[in-house]
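Nothing in this text is a laboratory measurement; each read-out follows from the coordinates by a stated rule. Remember, it's a predicted structure, so these values are computed and weren't measured experimentally. Counting neighbours? That spans all protein chains shown, and the Cβs are built from the backbone with ideal geometry, glycine included.
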Amino acid sequence: MKVYQSPSHAQHAPAYEIFDGGEKIPNFETPQRVEYILAALGKDSRYSLLPPQDFGVEPILAVHDPGYFHFLQTAYAEWLSIDLDADYPKEALLPATFPPLNQRSQIPRTLLGRAGYYISDLSAPITTGTFPAALASAQCALSAAAEVAAQKQNAAALCRPPGHHAGRANASGYCYLNNAAIAAHWLTQYGKVAVLDIDYHAGNGTQEIFYERADVLTLSIHADPAEEYPYYSGYPQQTGINAGAGFHQNYPLPFGTDDAAYLATLEQALERLRAYQPAHLILSAGMDIYGADPLGKIRVTRQGIASIGERIASLRLPTAILLEGGYATAALGENFAALLNAFAA
Ligand code: SP5
Ligand code: ZN
């Protein structure tokens, strides 16, 4: 199986994020995450690690707002160039002011105003290497999608930074460009696409991007957003609107969900996928459902992750498996390998 990976990911290594209560903590979404996956997959000759092809920016701008994309591209350099006598740190651009929902008609000129407009929470700092890493991450996803479309074979991408919380015009939750949405939209040129998101957190960015579309079925299994980040999206009654009505489904799970309960819910999602009959599947593969994850409260085991992979692979859909979250870093390599195993046959 081809596994796309770019060394550019390591350029994105924000030192910190801000947690609830204003606590400044080391960022959970680290370059080490991919290093552990490379170590695990490198032991198995079924995987060939490849650099991404360059699909340019057009497939990204087909999903993301051009003003937002330009902001991501230029914000850090602008941050360095202004307020040269500022007494605050500049290793990362992270705003502290956010627009109320009914005050989003004006995009301010000043950088911190735009940062609040385009960054939605305190876990998406922009550093010097954030844009090149996010761009390479999206190219890895596109490369996996292209391989899946051309060869009708499964492929994977070690996307870092992850993508599923990024909306059309906003970064949040470690995500800047929505790799799964970019790959899914690109694949629609070859027929219907489905996105199955198994990250612990609801795939709110992916939900938003395809919410009015029937050509991409989006399904997300995650911790109940009434209790967990991203809080405002991922509810079961949110099923799409207009042409997209009925083409999104959320499967919220309670804290403590074990392998058996997870797999039972997964079967419901698989039933939707079988009925939809997509030409291609994107799997947003967050490993933060793992029991020992420091950010998660679902209790799936490594054997459970392997079973999840087997169940999804049994659909026999050409599938692009994209890394999303997963913060039990030392276990991440073996967990991701356990998932991929069933797709590598
Ligand atoms: C891609 C992905 O998995 N993003 C996850 C982003 C989660 N960020 C919000 C974390 C809020 C955590 N609050 C934890 C309180 C622990 N005391
Ligand atoms: Zn997550």
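About its Cα centre, what dipole magnitude does the chain give when the only charges are +1 on Lys and Arg Cβ and -1 on Asp and Glu Cβ, stated in debye to the nearest 20?
With only Lys, Arg, Asp and Glu charged at Cβ, the dipole is about 880 debye.
Report the gain in length on full extension from Tyr235 to Arg316: 0.36 nm times residue separation, minus Cα-Cα distance, nm rounded to one decimal.
Between Tyr235 and Arg316, full extension yields an extra 26.3 nm.
What does the convex hull of the alpha-carbon atoms of the stretch 146-284 project to on average, in nm²?
8.2
Report, for the chain, the % of DSSP beta bridges that are antiparallel, rounded to 5.
Given both bridge residues lie in the chain, the antiparallel proportion sits at roughly 20 percent.
Return the Rg/Rh ratio of the stretch 79-143 with Cα-based radii and a Kirkwood Rh. Let's see the in-between values first.
Numbers: Rg = 14.0 Å, Rh = 13.6 Å.
Radius of gyration relative to Kirkwood radius: 1.03.
Quick one: grab the alpha carbon gyration tensor of the stretch 40-84, order the square roots of its eigenvalues as a ≥ b ≥ c, and give me rounded if a/c is under 1.5, else prolate or oblate depending on whether a/b is larger than b/c.
Taking the square roots of the gyration eigenvalues as a ≥ b ≥ c, the stretch 40-84 is oblate.
Number of Lys-Lys pairs in the chain under 27 Å by Cα, sequence gap 8 or more or different chains?
Final tally of qualifying lysine pairs is 7.
Once phi is turned into ³J(HN,Hα) by the Karplus curve 6.51 cos²θ - 1.76 cosθ + 1.60 with θ = phi - 60°, what whole-Hz value does each residue of the stretch 137-152 show in order, with x for glycine and proline?
Those phi angles translate into 4, 5, 5, 5, 5, 5, 5, 5, 4, 5, 5, 4, 5, 6, 9, 6 Hz.
Could you put Met1, Met287 in order, starting from the residue whose Cβ has the fewest other Cβ atoms within 10 Å?
Numbers: Met1 19, Met287 29.
Taking fewest neighbouring Cβ atoms as first place, the list is Met1, Met287.
So for the stretch 279-327, considering every pair of alpha-carbon atoms, how many percent are separated by more than 12 Å? Working shown, then result.
On the way: 761 of 1176 pairs.
Tail fraction, whole percent: 65.
May I ask you to derive the FRET efficiency for Arg168 and Leu38 from their Cβ-Cβ distance with R0 = 22 Å, giving the value to the nearest 0.05?
The pair Arg168/Leu38 has a calculated efficiency of 0.10.
What is the distance, in nm, between label points placed 7 Å from the Cα along the Cα-to-Cβ direction at Asp65 and at Ile82?
With each label point 7 Å from Cα toward Cβ, the separation is 1.7 nm.
Please list log₁₀ I(q)/I(0) at q = 0.12, 0.23, 0.26 Å⁻¹ for the stretch 161-243, using the Debye equation with identical point scatterers on the alpha-carbon positions.
Ignoring solvent entirely, the Cα scatterers give -0.30, -1.12, -1.37.
From the alpha carbon gyration tensor of the stretch 1-91, can you work out the equivalent ellipsoid semi-axes (sqrt of 5 times each eigenvalue) and give them in Å, largest to smallest? Please list the in-between numbers first.
Values: eigenvalues 195, 94, 28 Å².
The equivalent ellipsoid of the stretch 1-91 has semi-axes of 31, 22, 12 Å.
Test of understanding: what is the full-extension gain from Leu112 to Glu334, defined as 0.36 nm times their sequence separation minus their Cα-Cα distance? Mind showing how you got there, number by number?
Values: separation 222, 0.36 × 222 = 79.92 nm, distance 4.02 nm.
Extra length available between Leu112 and Glu334 comes to 75.9 nm.
Just subtract the alpha-carbon distance of Ala13 and Leu49 from 0.36 nm times their residue separation and send over the number in nm, one decimal.
Full extension of this stretch gives 10.8 nm more.
Over the alpha-carbon set of the stretch 222-293, work out the extent along each principal axis and list the three values in angstrom, largest first.
38, 25, 18
Based on Cα coordinates alone, diagonalise the gyration tensor for the chain, multiply each eigenvalue by 5, take square roots, and list the semi-axes in whole Å, largest first.
Working from the Cα gyration tensor, I get semi-axes of 30, 22, 20 Å.
With the convex hull built on the Cα atoms of the stretch 69-188, state its orientation-averaged projected area in nm².
8.1
Across every pair of different alpha-carbon atoms, what Kirkwood hydrodynamic radius in Å does the stretch 221-345 reach?
Kirkwood hydrodynamic radius for the stretch 221-345: 15.1 Å.
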